Amino acid sequence: MPFTAPTQEPPTWHAMDAEQVQAALGASATGLTQQQAIERLAQHGPNRLATAPRPGGLRRFAGQFHNLLIYTLLVAGAVTVWLGDHLDAAVIFGVVLINAVIGFIQEGKAERALEAVHAMLASHAMVLRDGERHEIDAAGLVPGDVVLVESGTRVPAVLRLLSAKNLRIDEAALTGES
C-alpha cells in the first residue's frame, strides 16, 4: 500500500463563529497590537498581488517586430534586395523601423499611464490597532486585522465579516456587469 501524506484542508472561515475566527487568528475585537501587526506582516508579506516582471526596453523594442504583417514586409524587403531594387528595399525596411519605433513609444506611454492609474487607485483601509482607528495602506493588512468597512469604501482584502448592518456590496468590478 503506497504512502499518502495526510491532507490538511484550509479552515472554512465563513462557517465559523466570529469568536472562533478571532481565537484561531489570535485576534480580538479591539484589533491587533502594533507589534503583532509588524510580526504578521513580516511572516505573511504585504497584502498585494505579485506583479509580473516587466520586460526591458530592448525586449519591448524587439517585440514590435513579432507580427505577421511585419514578417511579410521583412520578406518582401529581402526579396526586393535580392532583385537588386535597393531603393524600394530601403523604403520597406524604413517603414518597418518607423512602425517599430512608434509602437515602442506608444507602449511606453501606455505603461506609464497604467502605472499612474494604479497609483491613483491605491487602496487604503481603516483598521483597529491597539483599540484605536488607523488608516493604513491596504498592503499593510495582515491576518487577524479588524477592518472597518463603511459606506462608499472599497473592500481592501478578503475579509471575514464579524458584524454587519444593512450591508450591500457592488460586485460589478469583479463580475464585469455594468
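The values are calculated or read from the model by the stated rules, or taken from the named source; none is laboratory data. What you see is a predicted model, and the numbers here were worked out from it, not measured in a lab. A quick note on method: Cβ atoms are made from the backbone with ideal geometry, for glycine too, and the neighbour counts reach across all protein chains shown. Just so you know, the surface numbers come from the protein's heavy atoms only, side chains and all, with ligands and any DNA or RNA stripped out. Shrake-Rupley method; radii C 1.70, N 1.55, O 1.52, S 1.80 Å.
Below is a table of values for the structure above.
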| item | result |
| --- | --- |
| Segment 116-125: number of residues that are out of contact with any strand residue (DSSP E or B) (no Cβ under 6 Å at 6 or more places or on another chain) and touching a residue at least 12 places away in the same chain (Cβ under 8 Å) | 2 |
| Residues that are more than 45 Å from the chain's Cα centre (by Cα) and loosely packed, with under 13 Cβ neighbours inside 10 Å, drawn from segment 80-99 | Trp82, Leu83, Gly84, His86, Leu87 |
| Some residue of segment 67-74 being within 31 Å of the chain's Cα centre (by Cα), loosely packed, with under 10 Cβ neighbours inside 10 Å and not acidic (Asp, Glu) | yes |
| Top-ranked residue in segment 100-127 [being open to solvent by less than 30 Å² (accessible area, probe 1.4 Å) and either closer than 27 Å to Asp170 by Cα or touching a Pro at 6+ places or on another chain (Cβ under 6 Å) (or both); ranked as modelled with the highest pLDDT] | Val127 |
| Residue, nearest to Pro46 (Cα to Cα), within segment 153-175, restricted to residues that are open to solvent by less than 100 Å² (accessible area, probe 1.4 Å) and of a type in the set (A, V, I, L, M) | Ala157 |
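Matching residues to (1) open to solvent by less than 50 Å² (accessible area, probe 1.4 Å); (2) under 28 Å from Ala125 (Cα atoms); (3) at pLDDT below 85; (4) touching a Ser or Thr at 6+ places or on another chain (Cβ under 9 Å):
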{"site": "His14", "(1), (2), (3), (4)": "no, yes, yes, no"}
{"site": "His44", "(1), (2), (3), (4)": "no, yes, no, no"}
{"site": "Pro55", "(1), (2), (3), (4)": "no, no, no, no"}
{"site": "Arg59", "(1), (2), (3), (4)": "no, no, no, no"}
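Residue by residue, here is whether (1) among the aromatic types (Phe, Trp, Tyr); (2) without any contact (Cβ under 8 Å) to a residue 24 or more places away in the chain; (3) touching a Phe, Trp or Tyr at 6+ places or on another chain (Cβ under 8 Å) holds:
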| site | (1), (2), (3) |
| --- | --- |
| Val81 | no, yes, no |
| Val96 | no, no, yes |
| Leu114 | no, yes, no |
| Val127 | no, no, no |
| Gly131 | no, no, no |
| Gly140 | no, no, no |
